[in-house]
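*Asks:* Sharing a structure below in structure tokens format, with a few things to ask.
The values are calculated or read from the model by the stated rules, or taken from the named source; none is laboratory data. Keep in mind it's a predicted model, so treat the numbers as computed, not measured. Virtual Cβ from ideal backbone geometry, glycine too; neighbours counted across all protein chains shown. Protein only, heavy atoms only, side chains kept; ligands, DNA and RNA dropped before computing areas. Shrake-Rupley method; radii C 1.70, N 1.55, O 1.52, S 1.80 Å.
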Amino acid sequence: GLGNYLGNKGGVGVSMHMGRTSLLFVTAHFAAHQNQVSQRNKDFHRINQNLPLGLAVPNARDLVCDRYDCVFWSGDLNYRINGNRKMLDHLLCESMAEVRGWGVAAGQVLLGDAEQ
């Protein structure tokens with residue numbers, strides 16, 4: 001951030017309709033560093049709660065992700081996997097679930113607890 005007073009993490013979104021399907025594209029920059037998982041999760045929730053797209057729809061839901069049929073998140077989300085290259089290559093070859101997905105931290109935030 002600017003002099004540790006203004007944060008530089010956030011996101012922007014673009015929405016559109018293709019036929020009857022509503023689409024939302026969000027690009028975001030979450031907190032960096034291995035030990036900042038909690039802050040990355042907070043960054044996601046803050047953007048999801050405060051992005052004002054889709055509010056003109058009657059009975060709009062609180063979370064921007066719930067206002068659209070399809071939502072795409074991209075950007076510098078900074079979720080990481082603990083491990084070195086040799087270990088991760090081995091795990092990928094063995095098709096271990098810990099490495100195939102985003103990992104527990106990102107999965108809980110982006111997919112919700114029901115997916116765990």
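*Asks:* If the label point is 7 Å along Cα→Cβ of residue 15, which residues in the range 53-86 have backbone nitrogen under 11 Å from it?
*Replies:* 53-70
*Asks:* Points 7 angstrom from Cα along the Cβ direction at residue 38 and residue 92: gap in nanometres?
*Replies:* 3.2
*Asks:* Hey, any idea what % of the range 26-87's accessible area is carbon plus sulfur with a 1.4 Å probe? Can you show the working numbers first?
*Replies:* On the way: 2050 of 4090 Å².
Heavy-atom surface of the range 26-87 belonging to carbon and sulfur, 1.4 Å probe: 50 percent.
*Asks:* Okay, next question. Using modelled amide H (1.01 Å from N, peptide plane; none on Pro or chain starts), what sits under 5 Å from the amide H of residue 75, excluding residues fewer than 5 places away?
*Replies:* HN-HN under 5 Å from residue 75: 28.
*Asks:* Moving on. Compute the accessible area per residue over the range 1-92, keeping the other protein chains in place, probe 1.4 Å, unit Å².
*Replies:* Working: 6450 Å² over 92 residues.
Averaged over the residues of the range 1-92, the accessible area is 70 Å².
*Asks:* Still on this structure, I have one more. How would 18, 87 line up by accessible area, probe 1.4 Å, largest first? Mind showing how you got there, number by number?
*Replies:* Values: 18 125, 87 85 Å².
Solvent-accessible surface, decreasing: 18, 87.
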